[in-house]
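*Asks:* The structure that follows is given in the form of structure tokens.
The values are calculated or read from the model by the stated rules, or taken from the named source; none is laboratory data. Worth saying up front: this structure is predicted, and the values here are computed from it rather than measured. Cβ atoms come from the backbone with ideal geometry, glycine included; neighbour counts cover every protein chain shown. Heavy atoms of the whole protein, side chains included, go into the accessibility calculation; ligands, DNA and RNA do not. Shrake-Rupley method; radii C 1.70, N 1.55, O 1.52, S 1.80 Å.
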Amino acid sequence: MSKKSEIHITVELDENKLPVKMNWNSSENNESGECKSFFLALWDGNQQSSLHLNLWTKEMNVEEMRQFVHQMLLNQSDMLKKATGDEALAASLYDYSHQYAMKSGILKEPTKS
């Protein structure tokens, strides 16, 4: 017997059709919350291409967006490792994530004593 789980995302738009508030809820464990940004990626096996939907609210500041992108890169590295078992390629993406964090100011160079 198969089980179904649903995730709903509600986006409130302003008069210019820009997101001002976003909420999500999941039928799994009856969880819900508010978010400032989300990234959805879908793979179409027939077309061999991906579809991406990226939304963020006006309240999301630049530093939060940089941190969000950093965490997405780390997640992609983990997903690649789990899905393919290609540890070398996943490590390469992880290394890039670290470089991104350094360049964006999320991480700082350790000071030498």
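*Asks:* Which of the residues spanning the range 32-50 are open to solvent by 50 Å² or more (accessible area, probe 1.4 Å) and either under 18 Å from the mean Cα position of the chain (by Cα) or touching a residue at least 12 places away in the same chain (Cβ under 8 Å) (or both)?
*Replies:* Ser32, Glu34, Lys36, Phe39, Leu40, Ala41, Leu42, Trp43, Ser50
*Asks:* Testing Leu74 on (1) part of a helix (DSSP H, G or I); (2) surrounded by fewer than 13 Cβ atoms within 10 Å (Cβ to Cβ), one condition comes back false. Which one is that?
*Replies:* Against the list (1) part of a helix (DSSP H, G or I); (2) surrounded by fewer than 13 Cβ atoms within 10 Å (Cβ to Cβ), Leu74 comes up short only on (2).
*Asks:* Turning to a different aspect of this structure: What pairs come out if I take residues in the range 2-13 that are at pLDDT 95 or above and pair them with residues that are exposed (fewer than 10 other Cβ atoms within 10 Å of the Cβ) and part of a loop (DSSP other than H, G, I, E, B) whose C-beta lies under 7 Å away, six or more apart or interchain?
*Replies:* Final answer for the pair search is none.
*Asks:* Moving on to the next point. Identify all residues within the range 8-31 that are more than 20 Å from Phe68 (Cα to Cα) and surrounded by 10 or more Cβ atoms within 10 Å (Cβ to Cβ); write none if there are none.
*Replies:* At the first step, the residues of the range 8-31 found to be more than 20 Å from Phe68 (Cα to Cα) are 8, 12-17, 26-31.
The answer is His8, Glu12, Leu13, Asp14, Ser26, Ser27, Glu28, Glu31.
*Asks:* Go through (1) of a type outside the set (Asp, Glu); (2) in contact with a His (Cβ under 8 Å, 6 or more places away or on another chain); (3) without any contact (Cβ under 8 Å) to a residue 24 or more places away in the chain for Ser97 and report which single condition fails.
*Replies:* (3)
*Asks:* So, in the range 80-93, of the ones that are surrounded by 13 or more Cβ atoms within 10 Å (Cβ to Cβ) and of a type outside the set (Gly, Ala, Ser), which residue ends up nearest to Leu40 (Cα to Cα)? Don't jump to the end; show me each part of the working.
*Replies:* Keep residues of the range 80-93 that are surrounded by 13 or more Cβ atoms within 10 Å (Cβ to Cβ), which gives 80-81, 89-93.
Subset that is of a type outside the set (Gly, Ala, Ser): 80-81, 89, 93.
Numbers: Leu80: 16, Lys81: 19, Leu89: 22, Leu93: 19 Å.
Out of the qualifying residues, it is Leu80.
*Asks:* Being open to solvent by 100 Å² or more (accessible area, probe 1.4 Å) and assigned to a strand (DSSP E or B) is the filter here, so list the residues in the range 51-67 that pass it.
*Replies:* Residues satisfying the conditions are Leu51, Trp56.
*Asks:* Would you say Leu80 is in contact (Cβ under 8 Å) with a residue 24 or more places away in the chain and of a type outside the set (Ser, Thr, Tyr)? It would help to see each step written out before you state the result.
*Replies:* Details: in contact (Cβ under 8 Å) with a residue 24 or more places away in the chain: no; of a type outside the set (Ser, Thr, Tyr): yes.
For Leu80, the condition - in contact (Cβ under 8 Å) with a residue 24 or more places away in the chain and of a type outside the set (Ser, Thr, Tyr) - is not met.
*Asks:* Looking at the range 1-35, which of its residues are farther than 21 Å from Asn54 by Cβ and of a type in the set (Lys, Arg)?
*Replies:* Answer for the range 1-35, where residues must be farther than 21 Å from Asn54 by Cβ and of a type in the set (Lys, Arg): Lys3, Lys4.
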